[in-house]
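Quick notes on the structure that follows.
The values are calculated or read from the model by the stated rules, or taken from the named source; none is laboratory data. Every value quoted in this text rests on a predicted model; they were computed, and no experiment measured them. Reconstructed Cβ throughout: ideal geometry from the backbone, glycine too, with neighbour counts over all protein chains shown. Heads up: the accessible areas ignore ligands, DNA and RNA and are worked out on the full protein's heavy atoms, side chains in. Shrake-Rupley method; radii C 1.70, N 1.55, O 1.52, S 1.80 Å.
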Amino acid sequence: MILLSGPNISGNEWKYVKDCLDTGWISSVGSYVTKFENMLAEFSGSKYGVATSNGTAALHISLILLDIKQGDRVIVPNLTFIASVNSIKYTGADPVFIDVDPNTWQMDLNLLESFLEENTQIEEKGARLKLNGALIKAIMPVHVLGNMCNMDKLLSIANKFNLKVVEDSTEALGSYYNGKHAGSFGELGCFSFNGNKIITCGGGGAIVTDNEGLAKKAKHLTTQAKADSFEYFHDEIGHNYRLVNTSAAIGVAQMEQLERFIRLKHEIKNFYQEQLSGVGDIEFQSIEKNTNPNWWLFTIKTERQKDLLKILNENEMQSRPFWIPMNQLPMFKNDLYVTENDLSNSIYQRCLSIPCSTDITIEQLTSISETIKKVYVQNF
Ligand SMILES: *Cc1c(COP(=O)(O)O)cnc(C)c1O
């Protein structure tokens, strides 16, 4: 089976994990955790990094840090992985889903801006919905597939409506807008190191920020809010969201290879674009001016999505559809969805992600491309 986006364990992973096992530092304290946090902060251009047990935990804690509470609203694109929205729901807040741009597949900022202008009242701590009086306090842009929206515009909207920004940059380690790394635009940025991401810890996540207070508080809240180094005095309800040292050890080894992984993802994307451009009705994800994505998960758009998914998976070339849009899931059907033409749905019905692991071979890429081309030759 050619994996969609599998882990590439080809550096110092064994050595560093063995070091943890040999020394007994396998749990939530240890030098690899700190090292991993520092490497992430440095790479992503933020002052502080706080490692977490996964990306969802990073998002949850970030929202708590921004004082998102029961009854509040958080803006999020309608096309995302469910973890973005779950993290909002964990705080008791509700999402406001914004439809996406048909070309970049990121949140549609024009739609967002006109919605806020027509339907909210600006207040000190956010934008109040005229509809029901709920306060929108934050925007969570999701850098879908490692691509990014126009971050200048997003920040100016946030600024105008007094909204905090927490970036779901879980897919965007190695992505840049105007030379600035994803996750460094908002108050807080979140990463994930799940097995399919550009680097992995097995499971893991991180929060990055330039704000020392928020970084300290993030560490506090992810370690059960223990406020005394000796006594079990906890000063608020915390979480057990710390990354363990063995996972961080894998993360450090993966970080050492990140530049190479990014280069490989770019090469894979270039290969596919060369092979598949002009084939049938295949379209690629477009990028905004000044955006340099990490090309984490190569995805194409075509009317033949279902045929391709079937044939590729039958040939052991692991391919996946896009996420079902959030407004279509049963738990979120009563949440507000801002849209004109339900483009999320049409993207969902046409997109598929195809194998792009960093250890994929040219032979495999070639046979995947040939398999795709055949579908169009046979049927047009
Ligand atoms: C992977 C991912 C997450 C969550 O990460 P986990 O580490 O799996 O909890 C959140 N949002 C998006 C968009 C993701 O792709």
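Odds and ends about this structure:
- Residue in the stretch 48-76 that is least open to solvent (accessible area, probe 1.4 Å), counting only those that are away from the ligand (no atom under 16 Å from the Cβ) and more than 16 Å from GLU167 (Cα to Cα): ASP72
- Strands (runs of 3 or more DSSP E) contained entirely in the stretch 6-116, each with at least 3 residues that are of a type in the set (Asp, Glu), over 18 Å from the mean Cα position of the chain (by Cα) and more than 24 Å from ILE324 (Cβ to Cβ): none
- Condition check for VAL50: within 23 Å of TYR176 (Cβ to Cβ) and modelled with pLDDT of 95 or more: yes
- Criterion (assigned by TED's automatic domain parsing to the domain that holds SER62, surrounded by fewer than 21 Cβ atoms within 10 Å (Cβ to Cβ), under 19 Å from the mean Cα position of the chain (by Cα) and outside any helix (DSSP H, G or I)) met by exactly one of ASN162, ASN196: ASN196
- Residues satisfying the stated conditions in the stretch 175-190, i.e. of a type outside the set (A, V, I, L, M) and either within 14 Å of the ligand (Cβ to nearest atom) or outside the structural domain of LEU154 (by TED's automatic domain parsing) (or both): SER175, GLY183, GLY189, CYS190
- With respect to the conditions (1) modelled with pLDDT of 95 or more; (2) more than 28 Å from ILE300 (Cβ to Cβ), ARG263 falls short on a single one, namely (2).
- Neighbours by Cβ (under 7 Å, 6+ apart or cross-chain): first from the stretch 180-207, on the phi > 0 side of the Ramachandran plot; second more than 12 Å from the ligand (Cβ to nearest atom) and part of a loop (DSSP other than H, G, I, E, B): GLY183/SER44; GLY183/SER46
- Members of the stretch 132-157 found to be surrounded by fewer than 23 Cβ atoms within 10 Å (Cβ to Cβ) and either small (Gly, Ala, Ser) or touching a helix residue (DSSP H, G or I) at 6+ places or on another chain (Cβ under 7 Å) (or both), listed by number: GLY133, ALA134, ASN150, LYS153, SER156, ILE157
- Set side by side, the residues ILE324, ILE311, ILE300 differ, and just one is surrounded by fewer than 16 Cβ atoms within 10 Å (Cβ to Cβ), at pLDDT 95 or above and among the aliphatic types (A, V, I, L, M), which is ILE324.
- Subset tally (residues that are open to solvent by 20 Å² or more (accessible area, probe 1.4 Å) and under 18 Å from the mean Cα position of the chain (by Cα)) for the stretch 278-297: 6
- Selection count, the stretch 1-27, where residues are loosely packed, with under 12 Cβ neighbours inside 10 Å and either closer than 14 Å to MET255 by Cα or free of Cβ contacts under 8 Å to residues at least 40 places away in the same chain (or both): 3
- Among (1) more than 16 Å from the ligand (Cβ to nearest atom); (2) touching a helix residue (DSSP H, G or I) at 6+ places or on another chain (Cβ under 7 Å), the one test that ALA83 misses: (1)
- Residue match in the stretch 102-109 (condition: closer than 25 Å to PRO330 by Cβ, more than 16 Å from the ligand (Cβ to nearest atom) and open to solvent by 10 Å² or more (accessible area, probe 1.4 Å)): yes
- Single residue of the stretch 137-174 satisfying the filter (out of contact with any Pro (no Cβ under 8 Å at 6 or more places or on another chain) and small (Gly, Ala, Ser)) that is farthest from the ligand (Cβ to nearest atom): SER156
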